[in-house]
Amino acid sequence: MPDLLPVYDELRTRLSRYAAGLRESSNLTDANAAASRKEQAPDEATYVLLGAPTERYPDGQLFAMVKIGKRYVSYHLMCVYLDPALLAGVSPELTRRMQGKSCFNFTKVDGGLFD
């Protein structure tokens, strides 16, 4: 099993550069609607950036997230889900890392892909 902590740390560091004007959290359920069940304790292996609060998302809508899974680190970028045209300039190597519409999975630090 690969050591995923360096991957998580690098992606978290890169994502945290955009935290100005957003709210940082380690609790993924903060990004869910007000009626959702909230987790009692934040997850140490999750870093979440939330947008401004709205009526539907009083804690703020999910902007981006980095999370350690069992076999890879997931990097979720919700703007590509909301506007798929943003993926037009994505390299084929990065496209191969995609899972779903807004998630990229990594098992090792790759500066070229992260840039």
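The values are calculated or read from the model by the stated rules, or taken from the named source; none is laboratory data. It should be emphasised that the depicted structure is a prediction, and the values quoted were computed from it without experimental measurement. All Cβ positions, even for glycine, are placed from backbone atoms using ideal geometry, and neighbour counts span all protein chains on display. Surface areas here come from the heavy atoms of the whole protein model, side chains and all, with no ligands, DNA or RNA. Shrake-Rupley method; radii C 1.70, N 1.55, O 1.52, S 1.80 Å.
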> Would segment 54-61 turn up any residue that is touching a helix residue (DSSP H, G or I) at 6+ places or on another chain (Cβ under 6 Å) and either at pLDDT below 95 or among the basic types (Lys, Arg) (or both)?
Replying inline: yes
> Going through segment 49-87 one residue at a time, which ones are open to solvent by 60 Å² or more (accessible area, probe 1.4 Å) and of a type in the set (D, E, K, R)?
Replying inline: Glu55, Arg56, Lys67, Lys70, Arg71, Asp83
>> Just the residues that are open to solvent by less than 60 Å² (accessible area, probe 1.4 Å) and under 13 Å from Phe114 (Cα atoms), please, taken from segment 7-24.
In response: Val7, Tyr8, Glu10, Leu11, Arg14, Leu15
> In the list Thr95, Thr29, which residue meets the criterion of being modelled with pLDDT under 85 and either of a type in the set (Val, Ile, Thr) or closer than 17 Å to Val7 by Cα (or both)?
Replying inline: Thr29
> Within segment 33-44, can one find any residue that is touching a Leu at 6+ places or on another chain (Cβ under 9 Å), buried (at least 18 other Cβ atoms within 10 Å of the Cβ) and either at pLDDT below 90 or not in a strand (DSSP E or B) (or both)?
Replying inline: no
> What are the pairs, 6+ residues apart or on separate chains, where a residue within segment 40-65 that is over 26 Å from Val7 (Cα atoms) and among the acidic types (Asp, Glu) has its Cβ under 8 Å from a residue that is at pLDDT 85 or above and open to solvent by less than 20 Å² (accessible area, probe 1.4 Å)?
Replying inline: Asp59/Leu50
